[in-house]
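I have placed the structure first, in the form of structure tokens, so that the comments after it can refer back to it.
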Amino acid sequence: MSTSSLVCPNCGLSDPVQKVSVLYEGNTKEWTETTGSGDSRSTVVRQAKTLLGQRLTPPPKPSAGLDPKWVWWGGCGILAFIAITGGIPACIGLAVGVLIPLGLLLVGVSESGAVSPGMLEQLNLPEWAGWVGAACLGVVGLIVLIVGVWLTVRIVSWLRAQYTLSMQNHQRRVAETEAELPRWERALEKWKQLYYCTRDDVVFMAGKRAAPSAEMLKYLYEI
């Protein structure tokens, strides 16, 4: 059926009637841009549409979105990189730059290697004070270790629960997307058969009622 034999259900005229797909192409400009150079060179597709082109855009294909496992594994990789490149060297630097000199100072060894009275001796503390101090430090270190392990277990448990929840939500979206695909395919086929009246700014299918172009998607899924 030619466009000229069609009349708009609103105005009853055939002159202002045009195919929606043709109008969409005429109101949409698409081009490619290349950025970077060498191995970092990439091509990006750009698109510009008029207001009419935006209204006549084909129904978008349903999508479940990005698989969250790639986000989670990417985040774990970043954290591992930070730990290896920053956390471990920081701990080593703390041990070498602070803890070891402090220990040498307590037992009475100077930076030059000479033996001198230790801090405990200079404070005239009894012999058992050193053992008590060592025991206290040991208890504090044990408490810190226990708290650190507990926090690590809680954090890992929480992360696992969040990962499981995000994967379940993604699987639900995938199922919903697969169920929506046949409906989208039918709407796309209707869009290919759609006409537009430039006089009344309405869209319609042959033998069907018309609808404002701004409500085209709603129209496609209802007729």
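Every read-out reported here was derived from the displayed coordinates using simple, explicitly stated rules and does not represent laboratory data. All values derive from a computational prediction rather than experimental measurement.
Test of understanding: what is the full-extension gain from Trp72 to Leu151, defined as 0.36 nm times their sequence separation minus their Cα-Cα distance? Before the final figure, lay out each step's value.
Details: separation 79, 0.36 × 79 = 28.44 nm, distance 1.99 nm.
Value of the extension gain: 26.5 nm.
Convert each backbone phi in the stretch 17-33 into a coupling constant with the Karplus relation 6.51 cos²θ - 1.76 cosθ + 1.60 (shift: θ = phi - 60°), then list the ³J(HN,Hα) values in order as whole Hz, x for Gly and Pro.
Once θ is set to phi - 60°, the couplings for the stretch 17-33 become 8, 9, 6, 4, 4, 5, 5, 4, 5, x, 9, 10, 10, 10, 8, 10, 10 Hz.
Calculate the length of the line joining the C-alpha centroid of the stretch 146-223 to that of the stretch 25-71, in whole Å.
The stretch 146-223 and the stretch 25-71 have Cα centres spaced 18 Å from each other.
Hey, which lysines would be in cross-link range of Lys49, C-alpha to C-alpha under 20 Å, not counting anything within fewer than 8 residues on its own chain?
Once the sequence-local lysines are set aside, what remains near Lys49 is Lys19, Lys29, Lys61, Lys192.
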